[in-house]
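Asker: Quick one: this structure, given as structure tokens, is what I'll be asking you about.
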Amino acid sequence: MKETPVDKTIVERIIKESGIPPIKKASIREIVNLVNQIEKETKTRFIHLEMGVPGLPASEVGVQAEIEALKKGVASIYPNIDGIPELKDEGSRFIKMFLDIDVEARGIIPSVGSMQGSMAAIMIANRCNKKKNRTLFIDPGFPVQKQQHQILGIKYESFDVYHYRGEKLREKIESYLQKGNISTIIYSNPNNPSWICFHNKELQIIGELATKYDVVVIEDLAYFAMDFRSDYSKPGVPPFQPSVAKYTDNYVLLVSSSKVFSYAGQRVGIIVIGNKLYSRNFPDLKRFYSSDKFGYVIVHGVIYALSAGTTHSSQFAMAAMLKAASDGTYNFVDSVKEYGERARQMKDLFIKNGFRIVYDMDEDLALADGFYFTVSYRNMIGPKLVETLLYYGISALPLSVTGSVHSDGLRVCVSQVTKENISDLQSKLEKFNANHS
């Protein structure tokens, strides 16, 4: 057996003792927990590519606003469930400045990160019509959203979008919607994990079909404006972050503070509900809630029951960051462009060491450099590749848990690889390739 930087027998034992599902089914957090155990026992410093932890300092604008709010005593006061006025107003303004979409302040609702926003939106959208009982995922996608469906007992369909770009997307989506049982469409843009980005024509197709078949679109904008091929950083000036909200009234947008503001630790984001959807009545909601009004139910029927609102001080932080961005005094896009440079360097290292980029094209354009990319190695299937890389001190996520058809692929997150440990990644990849080429 060829020598590896991490003792193979220890890794195999810890995997066996961990009790986690097979790696091809393990969640992100389960893999992280496994790797933490291996690091502790082997005293080996791993390169963490598996989890999207922000690798940049938190926005100082948010930090200072939260400190001031705490000093004023908000920690002892329950927040409004539907959000403090400052956040609702600045959220509405931010959506206008960076998406060119008019959303009333009432449709801006704080959430405990986009994870809670997703859970809340799923719970409502899948109960609006008792004849429509499942979600359509445009994959690959964020695996935890499928876990949320499993927890809620909600069925879903999915397809890998890579070979259905452009006009091909219409026929593919419509083949599912024609069945009459799809209530919701979910995707992320830019996409986690592939980093493909839907352009306006594709979003128009999604929007038109959502209107035609009366389906709610949940658009996850966790990586807002992070397609660095276009400059979306200027408030009120085109180009704007592309969004399905331009093409249908049936939308819920999830805007997170975690990546674009590096504010992940405070678990705050906003749910953005279109004006018409917010006010719309769905009689079937009365099966579960006291009201049949979409916007009222998401606040008083779901958010209240899940967490009774979002942390008071973090709402002030979010409001301040959105305000500074809309004022043009805080260029949040410039703050995260470092991820694009890391991706460029890391892709080069992987390619030089025998890997290939799995999702390599964004329709007719080269894939952007951003928060994620995907790789495979020769004929090794994804879960086996994940396990083998553990012997070299590298941790990644198999694409098998994201709805991808590429069973040989891995998701690589660039955020935790800094200038200080890029050379460590290089040496680990070189050792791996030398032992497997």
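Values quoted throughout were computed directly from the atomic coordinates according to the rules given, and no laboratory measurement underlies them. Note that the coordinates shown come from a computational prediction; the quantities given were computed from them, not determined experimentally. Here Cβ is always computed from backbone atoms with ideal geometry, including for glycine, and neighbour counts include all displayed protein chains.
Asker: With viscosity set to 0.890 mPa s and temperature to 25 °C, compute the Stokes-Einstein D of segment 228-309, Rh being the Kirkwood radius across alpha carbon pairs; µm²/s, no decimals.
Answerer: Result for D is 163 µm²/s.
Asker: Another question about this same structure. Mind scanning 88/212; 40/384; 246/323; 201/384; 201/259; 96/168 and naming the pairs with a C-alpha gap bigger than 28 Å?
Answerer: Pairs exceeding 28 Å: 88/212; 201/384; 96/168.
Asker: Treating each Cα of the chain as an identical point scatterer and ignoring solvent, apply the Debye formula and state log10 I(q)/I(0) at q = 0.11, 0.14 Å⁻¹.
Answerer: Debye curve over Cα of the chain, log10 I(q)/I(0) at q = 0.11, 0.14 Å⁻¹: -0.86, -1.33.
Asker: Let me ask another. What percent antiparallel are the DSSP beta bridges of segment 60-327, to the nearest 5?
Answerer: That works out to approximately 35 percent antiparallel.
Asker: Calculated FRET efficiency, residue 338 and residue 133, Cβ-Cβ r, R0 56 Å, to nearest 0.05?
Answerer: According to the calculation, E is roughly 0.85.
Asker: On to the next question. D for segment 1-142, whole µm²/s, Stokes-Einstein with Kirkwood Rh over alpha-carbon pairs at 20 °C and 1.002 mPa s: what number?
Answerer: This corresponds to a translational diffusion coefficient of 106 µm²/s.
Asker: To continue, here is another question. At what distance in nm do the modelled label points of residue 306 and residue 230 sit from each other, each positioned 7 Å from its Cα along Cα→Cβ?
Answerer: Computed distance between label sites residue 306 and residue 230 equals 2.8 nm.
Asker: Also, I was wondering about something else. Which value in nm describes the separation of the simple spin-label points at residue 208 and residue 288, placed 7 Å from the Cα toward the beta carbon?
Answerer: Computed distance between label sites residue 208 and residue 288 equals 3.1 nm.
Asker: Moving on. Evaluate the relative contact order of segment 60-327 (contact order divided by residue number), counting alpha-carbon pairs under 8 angstrom at least 6 apart; express in whole percent.
Answerer: 31 percent.
Asker: For the pair residue 366/residue 181, report the inter-label distance in nm, with labels modelled 7 Å from Cα in the Cβ direction.
Answerer: 4.5 nm
Asker: Build a GNM of the chain with springs between Cα atoms under 10 Å: which of 366, 222, 308 gets the top mean-square fluctuation?
Answerer: Residue with maximal mean-square fluctuation among 366, 222, 308: 366.
Asker: Suppose R0 equals 35 Å. What FRET efficiency, 1/(1 + (r/R0)^6) with r the Cβ-Cβ distance, do residue 437 and residue 41 give to the nearest 0.05?
Answerer: So the FRET efficiency works out to roughly 0.75.
Asker: What share of Cα pairs, in percent, lie more than 21 angstrom apart in segment 94-248?
Answerer: I get 45 percent for the Cα pairs in segment 94-248 exceeding 21 Å.
Asker: Counting other beta carbons within 10 Å of each Cβ, put 230, 395, 194, 188 in order, fewest first.
Answerer: Ranked by crowding around the Cβ, least crowded first: 230, 395, 188, 194.
Asker: What residues qualify as long-range amide H neighbours of residue 159, i.e. H under 5 Å apart, gap of 5 or more or another chain, H built at 1.01 Å from N?
Answerer: Sorted by chain and number, the residues that satisfy this are 137, 139.
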